[in-house]
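Colleague: Let me begin by handing over the structure; questions about it come next.
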Amino acid sequence: MSNRVFDTIIIGAGPAGLTAALYAARARLSTLVIEKMGSGGQAATTDWLENYPGFPEGINGFELTTKMDEQARQAGASFVSESVTGLIVPEAGGSLFTVKCTENEYLGTTIIIATGADHKLLGVTGEAELRGRGVSYCATCDGPFFKDKHVIVAGGGDSAVQEAIYLTRFASRVTLVHRRDKLRATAVLQQRASSNPKISFQWNSVITAITGTDSVKSVMIKNVSDSAASEIPADGVFVFVGLVPNTKVFDGLIELDDKGYIVTDEYMATSRPGVFACGDVRKKLLRQIVTAAGDGAAAAFSAQEYAENHK
Ligand code: NAP
């Protein structure tokens with residue numbers, strides 16, 4: 001695989017990368033997808049998606065992304081499982097990008113970056129120490145461990161509220177700790193959380209530490225209005241305080257915004273000709289699976305045009 005030159009190399013296999021792979025392969029571009037942890041991205045860890053069109057009853061995130069993966073492979077895209085460590089741009093007069101991975105290097109005429117974003121950390125004492133021992137970033141993965149327990153959810157966006165609701169299937173009580181007195185999450189989720197008797201809200205509050213030795217015992221809270229400190233006993237802490245784009249290896253090669261997201265135009269073109277970006281990794285208004293898929297289709301279309309002109 002590493003000796004071949006691909007028309008396009010897609011880095012990342014979440015909904016954006018998988019859709020780009022489907023469109024690129026159907027356009028008869030030789031297409032390689034490089035993914036480090038299996039297809040699906042963050043969407044695969046979402047239990048129930050209610051806003052992806054075509055599924056009025058909703059659909060499980062893993063099921064949806066598994067089908068996207070299947071469809072891209074059926075169309076002819078090749079996949080390798082590797083971690084990307086660098087991107088080397090073509091030398092003057094050359095036209096091939098080199099994608100450096102932990103094991104191999106791959107050559108491509110165009111690159112589509114679809115590396116998504118990772119969960120932002122709270123950055124408080126106890127978070128790293130108790131990760132996997134009560135501190136989690138994935139409710140679908142770890143929720144069942146908290147049957148009849150009290151869990152804390154940090155954050156006020158769609159992820160925090162959606163996952164807090166999901167966690168009530170297992171936990172006896174969910175306390176959502178949010179730094180303001182108003183949620184950022186979409187109205188339908190806010191209403192659902194507010195009417196769920198298992199969910200209570202700790203407004204204007206931030207977590208300052210997570211305590212426990214072998215497992216989570218409590219969270220220390222500070223009220224941001226009057227700085228009053230308090231302790232809430234809890235068995236688990238789920239952190240959903242936003243995202244950090246996976247762009248470290250591209251820093252210095254393409255334009256990023258002040259938060260590290262890739263700047264693109266509507267063609268998904270980055271500041272470097274031949275390099276496109278799609279999905280959560282790029283600077284954009286709305287980060288949803290449906291917009292990631294739309295970005296992926298546009299990126300593949302643009303990559304096709306570029307590859308045809310640079311062969
Ligand atoms: P988000 O929308 O950026 O929300 C992050 C939340 O965490 C905000 O409420 C923010 O508070 C809070 N926060 C940020 N830093 C914090 C810190 N250091 N300490 C305490 N709280 C902090 O992130 P997200 O919820 O992960 O969602 C990411 C993207 O995916 C969004 O575009 C979202 O719409 C999308 N998404 C959609 C769905 C859906 O459609 N069902 C589900 C999940 C995610 P402030 O509000 O005060 O800023």
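A quick yes/no check of all residues on (1) within 15 Å of the ligand (Cβ to nearest atom); (2) surrounded by fewer than 16 Cβ atoms within 10 Å (Cβ to Cβ); (3) in contact (Cβ under 8 Å) with a residue 40 or more places away in the chain; (4) assigned to a loop (DSSP other than H, G, I, E, B):
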site	(1), (2), (3), (4)
Phe238	yes, no, yes, no
Val244	yes, yes, yes, no
Glu266	no, yes, no, yes
Phe276	no, no, yes, no
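Colleague: Any idea which of (1) touching a residue at least 24 places away in the same chain (Cβ under 8 Å); (2) over 20 Å from the mean Cα position of the chain (by Cα) is the one Gln74 doesn't satisfy?
Modeller: Here Gln74 meets the rest and fails (1).
Colleague: Still on this model: Name, by its number, the condition in (1) away from the ligand (no atom under 16 Å from the Cβ); (2) modelled with pLDDT of 95 or more that does not hold for Gly132.
Modeller: For Gly132, the failing item is (2).
Rundown of residues vs (1) among the polar types (S, T, N, Q); (2) touching a His at 6+ places or on another chain (Cβ under 7 Å); (3) closer than 20 Å to Asn246 by Cα, yes/no style:
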site: Gly86; (1), (2), (3): no, no, yes
site: Leu96; (1), (2), (3): no, no, no
site: Thr102; (1), (2), (3): yes, no, yes
site: Thr110; (1), (2), (3): yes, no, yes
site: Ala117; (1), (2), (3): no, no, yes
site: Leu130; (1), (2), (3): no, no, no
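Colleague: Still on this model: State whether the residues of the range 142-155 include one that is out of contact with any strand residue (DSSP E or B) (no Cβ under 7 Å at 6 or more places or on another chain), more than 11 Å from the ligand (Cβ to nearest atom) and open to solvent by less than 20 Å² (accessible area, probe 1.4 Å).
Modeller: Looking for residues that are out of contact with any strand residue (DSSP E or B) (no Cβ under 7 Å at 6 or more places or on another chain), more than 11 Å from the ligand (Cβ to nearest atom) and open to solvent by less than 20 Å² (accessible area, probe 1.4 Å), one finds at least one in the range 142-155, hence yes.
Colleague: Conditions: (1) within 9 Å of the ligand (Cβ to nearest atom); (2) more than 29 Å from Leu18 (Cα to Cα); (3) touching a residue at least 40 places away in the same chain (Cβ under 8 Å). Ser159 meets all but one. Number of the miss?
Modeller: (2)
Colleague: Taking strands (runs of 3 or more DSSP E) that fall entirely within the range 169-234, which contain at least 3 residues that are within 16 Å of the ligand (Cβ to nearest atom) and either of a type in the set (Lys, Arg) or farther than 16 Å from Lys149 by Cα (or both)?
Modeller: Ranges flagged: 205-211, 218-223.
Colleague: Output the qualifying pairs, or none if there are none: Cβ atoms under 6 angstrom, residues six or more apart or on different chains, first residue in the range 181-206 and on the phi > 0 side of the Ramachandran plot, second residue part of a strand (DSSP E or B) and surrounded by fewer than 18 Cβ atoms within 10 Å (Cβ to Cβ).
Modeller: Asn204/Asn223
The values are calculated or read from the model by the stated rules, or taken from the named source; none is laboratory data. Everything numeric in this text was worked out from a predicted model, so none of it was measured. Note that each Cβ is placed from the backbone with ideal geometry, even for glycine, and that neighbours are counted across all protein chains shown. Ligands, DNA and RNA are excluded from the accessible area calculation, which covers all protein heavy atoms including side chains. Shrake-Rupley method; radii C 1.70, N 1.55, O 1.52, S 1.80 Å.
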